[in-house]
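First comes the structure, then the notes that go with it.
The values are calculated or read from the model by the stated rules, or taken from the named source; none is laboratory data. Note that the structure is a prediction, hence the values are computed from the model and not measured. Note: ideal-geometry Cβ built from the backbone for every residue, glycine included; neighbour counts use all protein chains shown. When the accessible area is computed, the model is the full protein with side chains, heavy atoms only, and any ligands, DNA or RNA have been set aside. Shrake-Rupley method; radii C 1.70, N 1.55, O 1.52, S 1.80 Å.
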Amino acid sequence: AEQRNAFDFSATPIPVSELAKRINSLNQNENMANLGYTMIRDWLMSIGMLEDALDGDGKHVKRPTAQGENIGITLDARTSNNGTYFVVVYNAAAQHFIMDNLDAIIEFDHAMKENQGQPWSPEHDRCLLDLHQKGVPVNEIAITLKRNSGAVRARLKKLSIAE
């Protein structure tokens, strides 16, 4: 709790990678693993604050939902040599929301890793195909099967199911 109280909230909206970096800078326990930004992002997807979308190039990207926007998750347009792109950023209110729910994020991450690296069983394949045919979003399938979204997409591809 004392370490969490020392978190450096940014008045300027920051990306989730910077948020994770600031959280990890508080970690003084050598035996405690760092918090990956994907843990935060996946948890936010599981509670409906972020969603998977396709950008103009057909790539999967994360975007805030209306619920996410209500807590301060927004898109920030940025420009590079390759043109304009968008970054999901978190204002101070969203940063507070994440810090207030840090235990839930860590618990969610542990649950999602239950099947990580395990072979897909015929039962999991049947469940995957059934949920996909019903139009269940990939992130919800991932939660059900305790896998990450990338693993679900890869399995669908391996099973010759267009995603």
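Annotations for the structure displayed:
- Some residue of region 92-112 being outside any helix (DSSP H, G or I) and under 24 Å from Arg153 (Cα atoms): no
- For region 83-100, the candidate set comprises residues that are farther than 24 Å from Ala6 by Cα and among the aromatic types (Phe, Trp, Tyr); within that set, the residue that is modelled with the lowest pLDDT is Tyr85.
- Residue under evaluation Asp42, criteria (1) among the charged types (D, E, K, R); (2) in contact with a strand residue (DSSP E or B) (Cβ under 8 Å, 6 or more places away or on another chain); (3) open to solvent by less than 50 Å² (accessible area, probe 1.4 Å), criterion not met: (2)
- Within region 137-149, considering residues that are at negative phi and open to solvent by 40 Å² or more (accessible area, probe 1.4 Å), the one modelled with the highest pLDDT: Thr144
- Restricting attention to region 45-92, the residues being of a type in the set (Gly, Ala, Ser), under 13 Å from Pro15 (Cα atoms) and touching a strand residue (DSSP E or B) at 6+ places or on another chain (Cβ under 7 Å) number 2.
- Lone unmet requirement of (1) within 26 Å of Asn70 (Cβ to Cβ); (2) in contact with a Lys or Arg (Cβ under 6 Å, 6 or more places away or on another chain); (3) of a type outside the set (Gly, Ala, Ser) for Asn115: (1)
- Single match in Ala66, Ala111, Ala104 (criterion: out of contact with any Ser or Thr (no Cβ under 8 Å at 6 or more places or on another chain) and surrounded by 13 or more Cβ atoms within 10 Å (Cβ to Cβ)): Ala104
- Matching strands (runs of 3 or more DSSP E) fully within region 1-84 where at least 2 residues are over 30 Å from Pro137 (Cα atoms), among the aromatic types (Phe, Trp, Tyr) and free of Cβ contacts under 8 Å to residues at least 24 places away in the same chain: none
- Selected residue (criterion: surrounded by the most Cβ atoms within 10 Å (Cβ to Cβ)) from residues of region 114-129 that are in contact (Cβ under 8 Å) with a residue 12 or more places away in the chain and outside any helix (DSSP H, G or I): Trp120
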